[in-house]
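Have a look at the structure below before the remarks.
Just so you know, all these numbers are worked out from the coordinates, no wet-lab data involved. Only a predicted model underlies this, so the values are computations on that prediction, with no experimental measurement involved. Reconstructed Cβ throughout: ideal geometry from the backbone, glycine too, with neighbour counts over all protein chains shown.
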Amino acid sequence: MPPSSVSAVTPWWRNRRLIPGIVQAAVGLVVLVVVAFLVGNLVRNLTAAGLLLSWSWLGNPAGFDVSETLLPFDASLPYWRALLAGLVNTLRVVLLGLVGATLFGTAVGMASFSSNGLLKRLARIYVELIRNIPLLLQLVFWYFVVFLALPNGTSAIQLPGLVLAKSGLYLAWFSDLWHLQWQGPHLDGGVWHAPLRLTVEFGALLTGLVVYTAAFIAEVVRGGVASVPKGQWEAANSLGFNPLQTLQRIVLPQALRVIVPGLNSQYISLAKNSSLAVACGYADLYSVAETTLNQTGRAVEVVLVLLGSYLVIDLVISALMNGLNRMVQLKER
Amino acid sequence: MRTALPSSPLQRLRRELFSSPLDGLISIGLIGFLLAVAIALVKWALFQAQWAVLQANSTLFAVGRYPLEQQWRLWLLTTLLVGATGLSWGLLRGLPRLDRVDQLWPRNDRIAVAVVLALAVLAPLFLKLSLAIQLRWWLEAALLVATRWAAGRWALRIPPPARRLVPLIWPLLYFAGMVLISGGLGLIQVSPSEWGGLLLTLVESSFAILLCFPLGILLALGRRSELPLLRWSSVVYIEFIRGAPLITLLFLGQNILGFLLPGGLAPDRVWRAAWVLTFFAAAYVAEAVRAGLASLPKGQLEAARSLGLPLPQALIHVVLPQALRVALPATVGQFISLLQDTTLLSLIGLLDLLGTARTVMANPAFLGRNAEVYLVLALLFWCGCAALGLGSRALETRLNPTANPAR
Amino acid sequence: MTSTPASAGSAPGAVMIEARGVEKWYPNGFHALRGVDLSVHQGEVVVIMGPSGSGKSTFIRTFNALEDFQKGSIWVDGMELTDDVRNIDAIRQEVGMVFQQFNLFPHLTVLENLTLAPVLVRKRSKAVVERQALELLERVGIAEQAHKHPGQLSGGQQQRVAIARSLCMEPRIMLFDEPTSALDPEMVQEVLEVMQELAREGMTMVVVTHEVRFARQVASRVVLMADGQVVEMAAPDQFFTNPRHERSRQFLRQIA
C-alpha cells in the first residue's frame, strides 16, 4: 500500500492549484495599493490646490488666439472651442500626412526593386538616412532652415499654380465654386494672394511628417513585396504578363496582406508624431492644450483630454485599417 | 536565363545604370540631381556656413552648464569608459566562441580604429578646441586603441574566473559614472539642472535604456502569462502607453507627477523625464520581447520543466536567452528610437542637445545659424543610431548558435 | 499483474509507476482519458500503441505532471503525484522524458544541454557532471560533437543527445513520447538502437511509438489505447500474432 506519509496534506503555498490564485491575489493587491496611493495623493493635493476635477472651466473664454483654424475662432470663444480647433488642425495634418506619406513611401519602396542600380541605392540611402535622425530634429530643420529661409515677394519660388514664399504656400483653386472660376496665385502690392493659402508652419510640419513616415512605409512596402515568393514572378512571366501587369495583378494583391498591418502601425505613429507640431509653431491639439494648461492650471483635465483624443484617433485608424485588412485577406480565396 | 556576365567595373556600371533607354534617362537625371546637391552643399559648407556658432559653444553642447572646476570628473569618467570599451572589445575578439574561428583583427575593426583616430584628430581641430583639450582627446583615442590591442593580445592569458568578472565592469562603471556626474561620496553635488547638451542626452537615454529592458521583459512575461489578472494588467499598461504620444506623457510627468506623490517625494524635472522615458520605452520593448517569446516552441519550456528545472530557472536559462536573441533587432530598434526621443526633452524645457541648440539659436549673436547647428546634430544622431544598429547586428551573429559552423 | 501500488524502494520487480482510474478533461470539455490503469515494474519496457488522438501521449505526460488530471491517482517511484509543487519537482528529477521534437536547447552546446539540469537542480559539481556527460555522449555515439550546437546535428544525432540529456539526470524511469516519429527513415534505427541498449541495461521505460519491430524485440508488454482507454494489454508475441480484441486487430491492420 502507498505510504500514507507521502500523501500528507499539501501546504497551501505549495499547492499548484492554489498558487495561481495566490500570485494573482498578491499582484492584485500590489496594483490596488499603488493605485489607491496615487489617487489618494492626487485627490488630496488637488483639493489643497483648489483644482479638484471639474469641467466647467471649459466654458470660460479662452483669451488666446489659435492661428490658422478651419473652424472660425477668436479669443472670446470658450476653451472647448480652442481645443476643438486644435483637434481639427491635428486631423487636417494627419489626413494630408497619411496620403502624402503613403504615396511617397510606396514610391520609395518600389524604387528598391528598380532595375536601375542608382535608384535602388538611393532609396536605401534615403531610408537609412531618415530613420536614424530624430523626427523632432527634422521638423525644426524643415521649419527654420528650409521654410523660414524662403524668399518673399517677387523672388518667391513660382511654379505654375503654386507659389512658395516665406509668408506661406499659395495654391491655385476655384475662387468661386458656383461659377467654377479658377484662380492662380498673384502678387498684389508685394504680397502674394491666392484662393488657397497654407502657412509655412503647416508646410514644414507636413513635409517633415511625410518625409519621415515615408521612410518607414517604404520599408513596409519593400518587406511586403519581398515576402511574395519569387516563383510568383516567374510564373507570371511565363504566362506572358509584362512586369507592370505582374506587379499589379499578381504580386501586389499578395503583398498587401503583409503591407496593410504594417501600414496600420505606421499610420498610428504618424498621428502620434503630429503632436510635435509645437516645434514648428503649428497650433495643433497638443500646442493648444499646453497653452490652456498654462492659463488655467487644469493639468489633470488637460492631460485627460489629450490622452482621450489621441486614443480615439488611434482607434479610428486601427478600425479602418482592420476593415481594409479583412478585405485584403479575403481576396486570397 | 542569362548567367552572370563576366564583369569589369565599367560593364557593371553599364548594366546597372544604362540597361535600357528609360534606365539611362533616370540615371542621367539622378546623377545631375545628386551632383547639383553635392556642389551646393560643398559650396555652402566652405563659403557660406559660419562654424563659429559651434566653436564658441562646444562646451555648452558637450556638457551644458556643468561647473568648469568640476569637469575633471567627466574627463575621468570618459577615460574609464574608453578603457572599459577597449578592454571588452579586445576580449571579444581575443576569445572567440569555441565553435568558431575568429580573427583577432578583422577588417571592420581596422576600419573602426582608423575612424576613431581620424575623429580624435579632426573633430577637436574643427571645433578649434584649445591645444590642452585637443591633446586630451588624442590621449583618449590612444588609450582606446592601446587597451583594445593589449586585451586582444593577452586575452587567453587571463584566467577564466577573472574573465567572467569582466562584464561586471559595466554595471559598476555605471554607478561610478552616476556618482561622478551627480556628486556624493565626498564629491560636490552638481544639480541635474546644470547638466546639459550631450551629457544630458546620454544620461537620460542610458538610464532609460538600462531600466526599460528588465521592465519590458517583466511586462512581456505578464502579457503571456496564463493568469488573467497578470495578463490583463500588462495589456492595459502596454496599450495605454502605446496609445499616447510621448510628448503628452512627458507633459503628464512634468505637470501631474507632483500631484500623484506626497509633497517633496517627486523627483526633479530631469529625473521625472528620465522615468517617463523609461516607462514609455518599456511598453515598446515588451512588445518586442513578446514577439520573441511567441517564436519559441512550447516544447522548450516543457523539456526544461521535465528535467526538473523550476519555472524561474527554466525561464532564465532556457526560455529568455532564446526569446531575447530573437527579439534583439526589434529591441535595439526601440533603443534607437529612445535615443532619438530624448530630443523631445527640449519641448518640456530641458537642455538636451536639441534644447541647447534652441537656446543657442535664441542668442542674437548666432541668429540664422540654424543650418550649421541642426546639420551637425543630425550627423551626431545619425552616427549614434547607426552605430547601435551595427552593434546589434554584430551581437546577433555572435549569439546565433548555427551561423558560421566550425571549420 | 499486480494491483498493489508500489511501496518505496526498488527491489527487483518493484512497481515503478502505478496509475489507477486516471481521467482527464481538457478545458474545452474533451474527455481525453477515461479511467486508465497501468502498472510498470522495475526494468520493464512498456510500449503504448494506438491511433492518433487515443490519449497515449497525454497519458504518459501525466506521469511527470506535464499534463494534469482530474480523477484517479498516480504513484511514481513510491511518491504519489499530488498538487504539491515540491513533490512534482522531486518526481520530475526521477523521470526522464524524450520528446518527438527532441526539444534540445538550441542556444546551448550539446555538452551544456546535458549539464544544465544536473548542475542547477541536483546541485552537482560542474566538473563531475561534465565528465559523466562526456561518457554518456560516448555511449550514444556522439562524443566528438560535444561542443557543437544542436542545430548543427542531424535529427538522429539530436534525438540521441536528447536521450543522453535525460540520462544525465540519472533518472529511474524514462518516458519516450514518439521518439522516432519526426525522424527521416534512415535515422530511426540509430535512435532505436540506443533505446534497445538502454532497455538491456535494465532501465524502466514507457515508450509511445509506432515501431512494431522495436515493440516485438524489446517490449515486456504492449498496451493498446483507443479513445482514452486501455483496450488490450499483452505480451508482444501474443499482441502481434493473436490479439484478443477486434479494436486491436483493426489497429494492426492499419499500421501493417
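Applying the Karplus relation 6.51 cos²θ - 1.76 cosθ + 1.60 with θ = phi - 60° to segment C:104-112 yields 3J(HN,Hα) values of 5, 8, x, 8, 10, 6, 4, 4, 5 Hz, where x marks Gly and Pro. Put in line by how crowded their Cβ is, counting other Cβ atoms within 10 Å and starting with the fewest, A:Met327, A:Met321, C:Met49 read A:Met327, A:Met321, C:Met49. Here segment B:115-207 is treated as a Stokes sphere of Kirkwood radius computed over C-alpha pairs; at 4 °C and 1.567 mPa s its diffusion coefficient rounds to 79 µm²/s. Label separation (A:Thr47 vs A:Arg249): 7.4 nm, computed from points 7 Å beyond Cα along the C-beta direction. Membrane-span-like helices in chain B, defined purely by DSSP H runs whose alpha carbon atoms cover 27 Å or more axially and whose average Kyte-Doolittle hydropathy reaches 0.0, are B:21-43, B:72-94, B:107-126, B:131-154, B:197-223, B:269-294, B:320-341, B:370-399. Treating only the Cα positions of segment B:268-327 as identical point scatterers, give the base-10 log of I(q)/I(0) from the Debye formula at each q in 0.15, 0.27 Å⁻¹. The computed values of log10 I(q)/I(0) come out as -0.56, -1.01. In chain B, inverting the average of 1/r over every pair of distinct C-alpha atoms gives 25.0 Å as the Kirkwood radius. Here the translational diffusion coefficient of segment A:79-330 follows from Stokes-Einstein with Rh set to the Kirkwood radius across Cα pairs; for 4 °C and 1.567 mPa s it amounts to 63 µm²/s. When the C-alpha to C-alpha distance is required to be over 23 Å, the pairs from C:Lys24/C:Lys56; C:Lys56/C:Lys148; B:Lys298/C:Lys126; C:Lys24/C:Lys123 that qualify are C:Lys56/C:Lys148; B:Lys298/C:Lys126; C:Lys24/C:Lys123. One way to sum up the overall shape of segment C:150-205 is the equivalent ellipsoid from its Cα gyration tensor, whose semi-axes run 19, 13, 9 Å, largest first.
Within segment A:1-139, the percentage of alpha carbon pairs spaced more than 27 angstrom apart rounds to 67%.
On a per residue basis, the convex hull of the C-alpha atoms belonging to chain C measures out at 135 Å³.
Charge tally around C:Ile88: other residues with Cβ under 14 Å, Lys/Arg +1 each, Asp/Glu -1 each, net -2. Taking a straight line from the alpha carbon of A:Lys120, these lysines sit under 19 Å away, with near neighbours fewer than eight places off in the same chain left out: A:Lys230. Where only DSSP H runs of four or more residues are counted, the protein assembly as shown gives -19000 deg cm²/dmol as its mean residue ellipticity at 222 nm, each run worth -39500 (n - 2.57). Once the Cβ-Cβ distance of A:Gln183 and B:Glu239 is raised to the sixth power relative to R0 = 35 Å, the FRET efficiency obtained is 0.15. Rounded to the nearest whole Hz, the Karplus-based 3J(HN,Hα) values (6.51 cos²θ - 1.76 cosθ + 1.60, θ = phi - 60°) of segment C:233-246 follow the sequence 9, 7, 5, x, 4, 5, 4, 7, 9, 8, x, 7, 9, 4, with x at glycine and proline. Cβ-Cβ distance of B:Leu30 and B:Leu139, R₀ of 45 Å, FRET efficiency by 1/(1 + (r/R0)^6): the value works out to about 0.50. I'd like the FRET efficiency for C:His147 and B:Leu156, computed as 1/(1 + (r/R0)^6) with the beta carbon distance as r and R0 of 22 Å, rounded to 0.05. With R0 = 22 Å, the Cβ-Cβ based efficiency is 0.80. As a proxy for reagent exposure, C:Lys24, C:Lys123, A:Lys120, C:Lys56 were ordered by neighbouring Cβ count within 10 angstrom, fewest first; the result is C:Lys123, A:Lys120, C:Lys24, C:Lys56. Cβ crowding within 10 Å ranks B:Arg12, B:Arg93 as B:Arg12, B:Arg93, fewest other Cβ atoms first. Listed by chain and number, the lysines placed with their C-alpha closer than 27 angstrom to that of B:Lys128 are B:Lys43; residues fewer than eight positions away on the same chain are left out.
Database remark: amide H of C:Trp25 closer than 5 angstrom to the amide H of C:Ala32, C:Gln70 (H placed geometrically; neighbours at sequence offset of 5 or more, or on other chains; Pro and chain starts carry no H). Shown in residue order for segment B:158-163 are the 3J(HN,Hα) couplings computed by the Karplus curve 6.51 cos²θ - 1.76 cosθ + 1.60 at θ = phi - 60°: 6, x, x, x, 5, 4 Hz (x for Gly and Pro).
The largest-to-smallest principal axis extents of the Cα set in the protein assembly as shown are 111, 79, 73 Å. All C-alpha pair distances within segment B:250-407, sorted into 5 Å bins from zero, spread as 1, 8, 12, 12, 13, 13, 11, 10, 8, 5, 3, 2, 1, 0, 0 percent across the bins.
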